[in-house]
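Peer 1: Okay, handing you the structure first.
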Amino acid sequence: MVGGLGKHSEAIFPTLEVNLGDKIVDAGAGFGDTAIMLANRAGKNGHVMAIDCCDGFLDYGRKDAADQGVKNVSFVVADIQRQQFEPVHDMIFSRFGTMFFENPVVALKNMRTSLKPGGRLTMIVWRTMSDNPWLGSAKEITLKHLPLPEEDADTCGPGPFSMAGRIWLQRDKRPQVT
């Protein structure tokens, strides 16, 4: 899974502005691979706070960081929507994490509280389901055999396509936190 998702990181990382000494939040850090990559880019005076609500995922990141000798990353089990932050971070990064927020507006506003003035946000999100047939086809096939879930059914959040269909960031107009 990390290998497949990593291809998306590899596409963005060459253009990602990470400076030596940066303090970074990796929102929805999952297995920790992006947190480790960011920690390496930020250097020994930088730090990455890798946050995810699944401790089982973060265990892989903790092990990989230890195996690679990466010491400038911490793995925090938390709901980013409710996490208390101090405005000390230079950057927030999220690869396929923000689409699963229970309340994206509240979560993004809370994430903003972690940034210093001028802080940066980079999110990688899925486009529409039709742009991702590897996921869309599975859903279509499943719905041929199973009914839709009831409205009050437990879910894992809004889902991977909750932020699809909009241009969230134009490369020539990078919004800055003030």
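Only the coordinates and a few stated rules stand behind these numbers; no lab work does. Since the model is a prediction, treat every value here as computed from it, not as a measurement. Backbone-built Cβ (ideal geometry, glycine too); neighbour counts: all protein chains shown.
Peer 1: Tell me which residues come under 5 Å, amide H to amide H, from residue 43 once H is placed; ignore anything under 5 positions away on its chain.
Peer 2: Under 5 Å from the amide H of residue 43 lie the amide H atoms of 21, each far enough along the sequence or on another chain.
Peer 1: While we're looking at this one, here's another question. How would you order 42-48, 88-94, 143-149 from highest to lowest mean count of nearby Cβ atoms within 10 Å? Display every interim value, and only then the final one.
Peer 2: Numbers: 42-48: 18.7, 88-94: 22.3, 143-149: 7.7.
Peptide ranking by packing, descending: 88-94, 42-48, 143-149.
Peer 1: Too long at a 20 Å Cα-Cα cut-off: which of 23/116; 23/44; 23/71; 63/109? Let's see the in-between values first.
Peer 2: Working: 23/116 10 Å; 23/44 11 Å; 23/71 13 Å; 63/109 31 Å.
From the list (23/116; 23/44; 23/71; 63/109), the Cα-Cα distance tops 20 Å for 63/109.
Peer 1: Mind listing the phi-derived Karplus ³J(HN,Hα) values for the stretch 30-40, rounded to whole Hz, using 6.51, -1.76 and 1.60 with θ = phi - 60°, and x for any glycine or proline?
Peer 2: Taking θ as phi minus 60°, the curve returns x, 7, x, 5, 5, 4, 5, 4, 5, 4, 5 Hz for the stretch 30-40.
Peer 1: Additional query: Please report, in cubic angstrom per residue, the volume enclosed by the convex hull of the alpha-carbon atoms of the stretch 23-105.
Peer 2: Hull volume over Cα atoms, normalised by residue count, gives 82 Å³.
Peer 1: How much net charge surrounds residue 51 when only the other residues with a Cβ under 9 Å from the Cβ of residue 51 are counted, with Lys and Arg +1 and Asp and Glu -1? Before the final figure, lay out each step's value.
Peer 2: Numbers: positive: none; negative: 26, 52, 79.
So the surrounding residues net to -3.
Peer 1: Skipping prolines and chain starts, which residues have an amide H placed within reach, meaning under 5 Å, of the one on residue 25, given they are 5 or more residues away or on another chain?
Peer 2: Here 49, 91, 92, 93 satisfy the definition.
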